[in-house]
Amino acid sequence: MNRIMTPRIEINLAKIAHNVEKLIQLYGLKGIEIMAVTKVVCGGLAVANVLVNNGILVLADSKLKNLKKMRDSEMKVQYVLLRTPALSEIDLVVKYADISMNTEISVIQGLSAAAEKQNTVHKIILMIEMGDLREGIMPTHLEGFIQEIVQLPGIQIVGIGANFACFGGVKPSEANMRDLSELASAIEMKFSLSLPYISGGNSGNYNWYSTTENVGRINNLRIGEAIYLGCESLDRMPIPELFTDAFIFVSEVIESKIKPSVPYGEIGQDAFGNYPQFKDRGEIKRVILGVGSQDVLVTGLTPVIDIEILGSSSDHTLLDAKKTDLKVGDEVMFNLSYGALLSVMTSPYVFKKYIDAIEPAH
Ligand SMILES: *Cc1c(COP(=O)(O)O)cnc(C)c1O
């Protein structure tokens, strides 16, 4: 029998292509362009190529290392750094990002100097705080802020943006989207600027987008999760016509035995410093997978068959195999949450297998 290495993540490029094409169409209906966010796939070139070949013109990532990798591959697109730069990386930001998102004067001054040194002009999108309380300039400070940077020779302001549903879980709404639109118009008037990017948010903006009669000035969204997992990110509802299984996590059974459901002996701390508690369900079929918390965010895995994850340590995941006949060597598949996907794509221990057809031949 031919075995493919586990643990592995199976990445269906054909499904990703389908999802991104559908999302470009959908958002295009009301005049919104999408930037594809690549951080959850670590700027992987196989995925980035699929995005670009299916209509994406701008790739956005929060890591310079990922931007450099994609830029070096010479795809004909623009690159956006999604996160406000650290002062220690500004030279590289100017080198690898066409546009960066910013919230701090001192950083923007540094970017301007770095851009002048490199004989270029660096473009920035100013992130505005609209309630989620991650990054952003307070709206009341925005005009003063812009006043300080419009004169910088190495900087061009190309847009404003806001972020929702990331830290505070705040939802994009009619009201906060209208506020962002009005801010954009006010700034354009006051500073005689034109802002090509008015970036209203991320995959969490789906419900607002679907129900709003008027997107106002919002003409851009930065989309990651919806492309990869086929869902919006407020309630994790599937988006119609998208694949929700473009990524499948595959692990392997390394032990399968009938054992009690409650540990016996004197109980101390477990591997992570907790005092574990267990429900007695009698003897059960306990299956161990050769994968653990060092490889994947186990709490973000959902089995595709009827089994239950009991818990995990660094390298083992324990299952109640219920009525299945799982035995050593069998593969067990899972859907992944965004957090789980982030963990496996980032893990050097998880083998990446790319699939090019929607229905792969087995
Ligand atoms: C990660 C990120 C996104 C993408 O969010 P999704 O929910 O995956 O669509 C958008 N904007 C910023 C600033 C981000 O950091």
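The values are calculated or read from the model by the stated rules, or taken from the named source; none is laboratory data. This is a predicted model, so every value here is computed, not measured. As a convention, Cβ positions derive from the backbone with ideal geometry for all residues, glycine included, and neighbour counts pool all protein chains shown. In case anyone asks, the SASA skips ligands and DNA or RNA and just uses the protein heavy atoms, side chains included. Shrake-Rupley method; radii C 1.70, N 1.55, O 1.52, S 1.80 Å.
Observations on the structure shown:
- Farthest toward the positive end of the dipole of the chain, out of I16, V328, Q294, is the Cα of V328, where the dipole comes from beta carbon charges about the Cα centre.
- Between L133 and V328, the distance separating the two model label sites (each 7 Å from Cα on the Cα→Cβ line) works out to 5.3 nm.
- Global geometry of the stretch 193-232, whether rounded, prolate or oblate, following the gyration tensor of its Cα atoms and the 1.5 cut on a/c: oblate
- Residues in the stretch 16-54 that a label on D245 would reach, taking backbone N under 15 Å of a point 7 Å out along Cα→Cβ: 16
- Pairs beyond 30 Å (Cα-Cα), from K69/K327; K30/K123; K30/K171; K39/K279; K15/K285: K69/K327; K39/K279; K15/K285
- Accessible-area ranking of Y209, Y264, largest first, probe 1.4 Å: Y264, Y209
- Residues E241, E174, sorted by accessible area with the largest first, give E241, E174 [1.4 Å probe; ligands and nucleic acids excluded].
- At full extension, I4 and E104 could sit 31.2 nm farther apart than now, given 0.36 nm per residue minus the alpha carbon distance.
- Accessible area, probe 1.4 Å, largest first, for residues H316, H122: H316, H122
- Ligands, DNA and RNA excluded, the heavy atoms of E135 present near 40 Å² of accessible surface to a 1.4 Å solvent probe.
- For Q25 and Y354, the FRET efficiency from 1/(1 + (r/R0)^6), where r spans their Cβ atoms and R0 equals 35 Å, is about 0.90.
- Full extension of the segment from T140 to I258, taken as 0.36 nm per residue of separation minus the current Cα-Cα distance, would add 36.1 nm.
- Taking the Cα centre of the chain as origin and assigning +1 to Lys and Arg Cβ atoms and -1 to Asp and Glu Cβ atoms, the resulting dipole is close to 520 debye.
- Hydrodynamic estimate: the Kirkwood radius of the chain over Cα pairs, inserted into Stokes-Einstein at 37 °C and 0.692 mPa s, corresponds to D of 146 µm²/s.
- Cα-based shape type of the stretch 1-115, given that a ≥ b ≥ c are square roots of the gyration tensor eigenvalues and the cut on a/c is 1.5: oblate
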